[in-house]
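To start, the structure under review is shown below, and the notes come after it.
Nothing in this text is a laboratory measurement; each read-out follows from the coordinates by a stated rule. On a predicted model such as this, the values are computed, not experimentally measured, just so you know. As a convention, Cβ positions derive from the backbone with ideal geometry for all residues, glycine included, and neighbour counts pool all protein chains shown.
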Amino acid sequence: MNNLDFLLQHTYAQVIEVASQIEALKSDQAILGVALSNAIVSNNLILRTLCGLTDEQFELLGQFISPTIDESQGEVGWEELTQASTAHLLRTCLSRKDKGQNPGNTGQTVIEPLENTDKLKRQITAVCERIKNGGILSV
């Protein structure tokens, strides 16, 4: 019986420790979300200033590369949504082939969890470069 009591107490202590770690990680995630949001706002404002984006274009940019970080959506978070959004931009109004003309049907994008953020970084960079080089954001 003593061993069973010890095992129960030890297990309970581990569960409490893991729960505390989860709470700390959630707090860290919220702090990092605010930092990411601020970086996105800064990036979008710099693009607006450098490229002379109109109010409508700036608002559209903020919808595709959104500073709103909501990690309560489960497996699909900001990274996945932004990757899908930037992929859509690169296939439509910022497409090199169409020179700003929107193709009729671009298909549906399947949003899957990211394994790493390398592709997202490349897409955001490509969007910024194409806007900088004269690409026009339009719906």
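The convex hull around the C-alpha trace of the chain, projected and averaged over every direction, spans 10.9 square nanometres.
Taking 0.36 nm per residue of separation and subtracting the current Cα-Cα distance, fully stretching the chain between Asn38 and Asn133 would add 31.7 nm. Length gained on full extension, Lys97 to Ala30: 20.1 nm, using 0.36 nm per residue less the C-alpha separation. Judged by the mean number of other Cβ atoms found within 10 Å, the most tightly packed of the peptides 79-92, 50-63, 110-123, 6-19 leads the ranking 79-92, 50-63, 110-123, 6-19. Give, to the nearest whole percent, the P(r) tail of the stretch 1-44 beyond 13 angstrom, counting all Cα pairs. Of all Cα-Cα pairs in the stretch 1-44, 67 percent lie more than 13 Å apart. A full extension of the chain between Glu80 and Leu8 corresponds to an added length of 21.8 nm, given 0.36 nm per residue minus the alpha carbon distance. Measuring r between the beta carbons of Arg122 and Ile22 and using R0 = 35 Å, the FRET efficiency lands at 0.60.
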